[in-house]
Amino acid sequence: MSKQTYSVCFCWRRRFKLALAEAPSEIRTLFEEYSENEIMTPSHLKRYLVEVQKQEKATEEEAQTIIDSFRHFHRRSVGLNLESFFKYLFSDDNPPLIPSRGVHHDMTLPLSHYFIYTGHNSYLTGNQLSSDCSDVPIINALKRGVRVIELDIWPNATKDNIDVLHGRTLTAPVELIRCLRSIKEHAFVASEYPVVITLEDHLTPDLQAKVAEMVTNTFGDILFTPNTESVKEFPSPESLKRRIIISTKPPKEYLEAKEKDKGDDSQHEKEKGDVSLSRKASNEDEAWGKEVPSLKGGTIEDYKDNNEDEDLNDEEEFDELDKLPNNNEAPEYRRLIAIHAGKPKGGLEECLKVDPDKVRRLSLSEQQLEKAAINHGKQIVRFTQRNILRVYPKGTRIDSSNYNPLIGWMHGAQMVAFNMQGYGRSLWLMQGMFRANGGCGYVKKPEFLLETGPDNEVFDPKAKLPVKTTLKVTVYMGEGWYYDFKHTHFDQYSPPDFYTRVGIAGVPHDTVMKKTRAIEDNWLPTWNETFEFPLTVPELALLRIEVHEYDMSEKDDFGGQTCLPIRELRSGIRAIPLHSQKGEKYASVKLLMRFEFID
């Protein structure tokens, strides 16, 4: 690894020296301050852990364990030398989030008090219009910790069984029973906390009865069925450990596909038109996905389509719960529903009314929420204190792209539903949020979204708040690309020119991105650059980190990314593992960074 050769033309080659990773000057200075005679003893290391890493409860025994773990980098057992100290800082033993902490949020509160890792059209393998339906993406989502799986259920071709597919599109179906069995097998691989299955129901009563039988037989005792149809408060995640929950609208009669009216035909034409729009957009996107749209100004103007006029009737139709004739119901199906969904008649005001005697789930598209947030932001927050709000991608996202999840979270929406089939910056934010609380798929909402003030006041998502804390971030250096990528992956003629983008995704006043300079021709870039981020709502903020390789003639190349929940970020100098576009952790690629909170 001492030299690397690149071909420039047939008769000319360039050779570059490849140095081993060495501690930056700031790390050397710290080592000198917390060592004696070039050795960091257990007492020195403990002092370093307390004072720099802010691990107030660190002990000399813990320090000795670290020293013993890195003994192969030094001959003396009495302490760390500079090399072994640097290896420790850059190791998996020094992560930005506390791995041993596990689930540490209070899990005994109602479900409405948590953000829940939620999938949209969980059965699709790719785009929303023509990809196959399968249980494989459901399995993958559950393995990642997703806790809400959405299934669209339709009669099969012979009308005697149930398929899962994206209705009125070209998607190839998968049998419902296969999806249910896969959910049962993989539901609790990543987390013991409950899995919610949201059903989009397009069935006749006889098929609803068949679904009830399938669900009951498949899940047996792990299926949670409520004692009464309406409850005053949702149960807690703790009380529902290793349970399956069904959420859907109460049953209603399915309309045969052959009775589709002109509206359906026009919708099909609209979807076909959207294909070309989507292809054009995807061709213009950078390799790592579009930048997350800003919420500044309180709306998602970047995603607004002036020709598209969504109203509250679009994806989930209004339910007149009290007017359904009993002969159109399958009572055994209705009894399975633990979280009732639906929209009462009367528009947004009625939708957001809080009933003191029962709780429910309401669904809004990203655009519906955007419009509602303009004049009804505090009402939405009040609604989500007891009830569940699900936000789903708008219908034109046929490429399975996503929106900015903060628009939902800052209004208290528990189920911000995302397409998990692809990748991109919005999905990285979702993955970052649910790295919190041990990755169990449930993150307790901040107290300010749950509190009601003296005059029945609640959090105002539009309010400009004072700065609570400032996060100071130092980007020291990076390593590992040499091992995880071919030496010509980034540039055919020379080593890569890496730079780092670092910033905040949060409420509009906190959201910002900054970047380091590019370090030319170096597999081990050292930046030593510091940035400060004032935070008004740190409880909702996520730290975004991306590495890019500068390319003068073409688009910059992707070099890794991660997203971290700031309320669980550890102070001090930490090793930050980077991930691929799809969210898979690289074997070797890491950054060395320092985090300091300034009050």
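The values are calculated or read from the model by the stated rules, or taken from the named source; none is laboratory data. Keep in mind that this is a model prediction, so the values were computed, not measured. Ideal geometry is used to build each Cβ from the backbone, glycine not excepted, and the neighbour counts take in all protein chains shown. Please note that ligands, DNA and RNA were not included when accessible areas were found on the heavy atoms of the full protein model with its side chains. Shrake-Rupley method; radii C 1.70, N 1.55, O 1.52, S 1.80 Å.
If residue 78 satisfies every condition in (1) in contact with a strand residue (DSSP E or B) (Cβ under 7 Å, 6 or more places away or on another chain); (2) closer than 23 Å to residue 588 by Cα; (3) open to solvent by 20 Å² or more (accessible area, probe 1.4 Å); (4) of a type in the set (A, V, I, L, M) but one, which is the exception?
(2)
Residues 197, 222, 245: which one is touching a Lys or Arg at 6+ places or on another chain (Cβ under 9 Å), at pLDDT 95 or above and on the phi < 0 side of the Ramachandran plot?
On the way: 197 fails: touching a Lys or Arg at 6+ places or on another chain (Cβ under 9 Å); 245 fails: touching a Lys or Arg at 6+ places or on another chain (Cβ under 9 Å).
222 is the lone residue from the list that is touching a Lys or Arg at 6+ places or on another chain (Cβ under 9 Å), at pLDDT 95 or above and on the phi < 0 side of the Ramachandran plot.
Among the residues of the stretch 477-498 satisfying the criterion of being aromatic (Phe, Trp, Tyr) and surrounded by fewer than 22 Cβ atoms within 10 Å (Cβ to Cβ), which is nearest to residue 426 (Cα to Cα)? Quick ask: steps written out before the conclusion?
Here is the first cut: in the stretch 477-498, the residues aromatic (Phe, Trp, Tyr) are 481-483, 485, 490, 493, 498.
After this cut, where a residue has to be surrounded by fewer than 22 Cβ atoms within 10 Å (Cβ to Cβ) as well, the list is 482-483, 485, 493.
Numbers: 482: 28, 483: 28, 485: 25, 493: 33 Å.
Among them, the one singled out is 485.
I'm told residue 474 meets every condition in (1) in a strand (DSSP E or B); (2) open to solvent by 40 Å² or more (accessible area, probe 1.4 Å) except one. Can you identify the failing condition by its number?
(2)
Please specify each residue of the stretch 119-134 satisfying the condition of being surrounded by 20 or more Cβ atoms within 10 Å (Cβ to Cβ) and out of contact with any Phe, Trp or Tyr (no Cβ under 7 Å at 6 or more places or on another chain).
121, 122, 123, 124, 127, 128, 131 - these are the residues of the stretch 119-134 that are surrounded by 20 or more Cβ atoms within 10 Å (Cβ to Cβ) and out of contact with any Phe, Trp or Tyr (no Cβ under 7 Å at 6 or more places or on another chain).
Which numbered condition trips up residue 375, out of (1) of a type in the set (S, T, N, Q); (2) crowded, with 20+ Cβ neighbours inside 10 Å; (3) under 20 Å from residue 458 (Cβ atoms)?
Status for residue 375: all satisfied but (2).
Would it be correct to say that residue 232 is more than 18 Å from residue 335 (Cβ to Cβ) and open to solvent by 30 Å² or more (accessible area, probe 1.4 Å)?
Taking the combined requirement at face value, the residue satisfies it.
Select from the stretch 495-554 the residues that are assigned to a loop (DSSP other than H, G, I, E, B) and of a type in the set (Gly, Ala, Ser) and list them in ascending order. Before the answer, list the steps.
Pass one, the stretch 495-554, residues assigned to a loop (DSSP other than H, G, I, E, B): 495-497, 506-511, 516-518, 520-525, 536-537, 541, 550-554.
Across the stretch 495-554, the qualifying residues are 506, 518, 541, 553.
Can you spot a residue in the stretch 252-272 that is open to solvent by 30 Å² or more (accessible area, probe 1.4 Å), in a helix (DSSP H, G or I) and modelled with pLDDT of 85 or more?
No, there is no match, as no residue in the stretch 252-272 is open to solvent by 30 Å² or more (accessible area, probe 1.4 Å), in a helix (DSSP H, G or I) and modelled with pLDDT of 85 or more.
When you check residue 416 against the structure, is it within 18 Å of residue 341 (Cα to Cα), within 14 Å of the chain's Cα centre (by Cα) and β-branched (Val, Ile, Thr), yes or no? Talk me through it step by step, then tell me what you get.
Details: within 18 Å of residue 341 (Cα to Cα): yes; within 14 Å of the chain's Cα centre (by Cα): yes; β-branched (Val, Ile, Thr): yes.
Here the answer is yes, as residue 416 does meet what is asked.
Could you please give the count of residues in the stretch 535-587 that are within 23 Å of residue 461 (Cα to Cα) and open to solvent by less than 30 Å² (accessible area, probe 1.4 Å)? Give the steps one after another, and end with the answer.
Of the stretch 535-587, the ones within 23 Å of residue 461 (Cα to Cα) are 535-544, 563-568.
If we keep only those that are open to solvent by less than 30 Å² (accessible area, probe 1.4 Å) as well, we get 535-538, 540-544, 563-566, 568.
So the count comes out to 14.
Across the stretch 499-534, what is the total count of residues that are buried (at least 18 other Cβ atoms within 10 Å of the Cβ), free of Cβ contacts under 8 Å to residues at least 24 places away in the same chain and farther than 22 Å from residue 588 by Cα?
So the answer is 0.
Pick from the stretch 181-192 the residues that are assigned to a loop (DSSP other than H, G, I, E, B) and in contact (Cβ under 8 Å) with a residue 60 or more places away in the chain: which of them is farthest from residue 444 (Cα to Cα)? Write out each step before concluding.
Restricting attention to the stretch 181-192, the residues satisfying the condition of being assigned to a loop (DSSP other than H, G, I, E, B) are 187-192.
In the following step, the residues that additionally are in contact (Cβ under 8 Å) with a residue 60 or more places away in the chain were identified as 190-192.
Details: 190: 18, 191: 15, 192: 16 Å.
Here the residue is 190.
Take residues that are within 25 Å of residue 407 (Cα to Cα) and tell me which of the strands (runs of 3 or more DSSP E) falling wholly in the stretch 94-164 contain 3 or more.
Details: elements: 114-116, 148-155, 162-164.
Per the criteria, 114-116, 148-155.
Would you please name the residue that is most open to solvent (accessible area, probe 1.4 Å), looking only at residues in the stretch 49-75 that are small (Gly, Ala, Ser) and in a helix (DSSP H, G or I)? Please lay out each step first, then the result.
Applying the first criterion (small (Gly, Ala, Ser)) to the stretch 49-75 yields 58, 63, 69.
From the residues that got through so far, the ones that are in a helix (DSSP H, G or I) too are 63, 69.
Values: 63: 0, 69: 60 Å².
The selected residue is 69.
Of the conditions (1) loosely packed, with under 15 Cβ neighbours inside 10 Å; (2) under 30 Å from residue 106 (Cβ atoms); (3) at pLDDT 85 or above, residue 238 satisfies every one except a single condition; which number is it?
Of the numbered conditions (1) loosely packed, with under 15 Cβ neighbours inside 10 Å; (2) under 30 Å from residue 106 (Cβ atoms); (3) at pLDDT 85 or above, the odd one out for residue 238 is (1).
Any residue that is open to solvent by 10 Å² or more (accessible area, probe 1.4 Å) and in a strand (DSSP E or B) - is there at least one of those in the stretch 457-470?
The first filter runs over the stretch 457-470 and keeps only residues open to solvent by 10 Å² or more (accessible area, probe 1.4 Å), leaving 457-470.
Cutting the leftovers down to in a strand (DSSP E or B) gives us 469-470.
Yes: the stretch 457-470 contains one or more residues that are open to solvent by 10 Å² or more (accessible area, probe 1.4 Å) and in a strand (DSSP E or B).
In the stretch 193-216, what count of residues is obtained for those that are in contact with a strand residue (DSSP E or B) (Cβ under 8 Å, 6 or more places away or on another chain), open to solvent by less than 10 Å² (accessible area, probe 1.4 Å), outside any strand (DSSP E or B) and of a type in the set (A, V, I, L, M, F, W, C)?
Counting residues in the stretch 193-216 that are in contact with a strand residue (DSSP E or B) (Cβ under 8 Å, 6 or more places away or on another chain), open to solvent by less than 10 Å² (accessible area, probe 1.4 Å), outside any strand (DSSP E or B) and of a type in the set (A, V, I, L, M, F, W, C) gives 4.
Select, from 438, 432, the only residue that is assigned to a helix (DSSP H, G or I), in contact (Cβ under 8 Å) with a residue 60 or more places away in the chain, open to solvent by 10 Å² or more (accessible area, probe 1.4 Å) and closer than 21 Å to residue 113 by Cα.
Numbers: 432 fails: open to solvent by 10 Å² or more (accessible area, probe 1.4 Å).
When all the criteria are applied, what remains is 438.
Which one is modelled with the lowest pLDDT, of the residues in the stretch 555-583 that are part of a loop (DSSP other than H, G, I, E, B), under 21 Å from residue 484 (Cβ atoms) and more than 20 Å from the chain's Cα centre (by Cα)? Before you say what the answer is, go through the steps one by one.
Of the residues in the stretch 555-583, the ones part of a loop (DSSP other than H, G, I, E, B) are 555-556, 569-571, 580-583.
Imposing the further condition that a residue be under 21 Å from residue 484 (Cβ atoms) reduces the set to 555-556, 580-583.
Still in the running and more than 20 Å from the chain's Cα centre (by Cα): 555-556.
Numbers: 555: 87, 556: 92.
Ranking the candidates gives 555 first.
Which pairs turn up if I take residues in the stretch 26-48 that are open to solvent by 70 Å² or more (accessible area, probe 1.4 Å) and look for partners that are modelled with pLDDT of 95 or more and charged (D, E, K, R) with beta carbon separation below 7 Å, at least 6 apart in sequence or on another chain?
Close Cβ pairs (under 7 Å, with a partner that is modelled with pLDDT of 95 or more and charged (D, E, K, R)) amount to 46/60.
Of these, 147, 178, 168, which one is in contact (Cβ under 8 Å) with a residue 24 or more places away in the chain, of a type in the set (Lys, Arg) and open to solvent by less than 10 Å² (accessible area, probe 1.4 Å)? Outline the logic, then answer.
Details: 178 fails: open to solvent by less than 10 Å² (accessible area, probe 1.4 Å); 168 fails: open to solvent by less than 10 Å² (accessible area, probe 1.4 Å).
Just one listed residue meets the conditions, 147.
Looking only at the stretch 339-348, how many residues end up being in contact (Cβ under 8 Å) with a residue 12 or more places away in the chain and out of contact with any Leu (no Cβ under 9 Å at 6 or more places or on another chain)? Don't jump to the end; show me each part of the working.
So the first thing to find is which residues in the stretch 339-348 are in contact (Cβ under 8 Å) with a residue 12 or more places away in the chain, and the list is 339-345, 347-348.
So of that shortlist, the ones also out of contact with any Leu (no Cβ under 9 Å at 6 or more places or on another chain) come out as 345.
Matching residues across the stretch 339-348 total 1.
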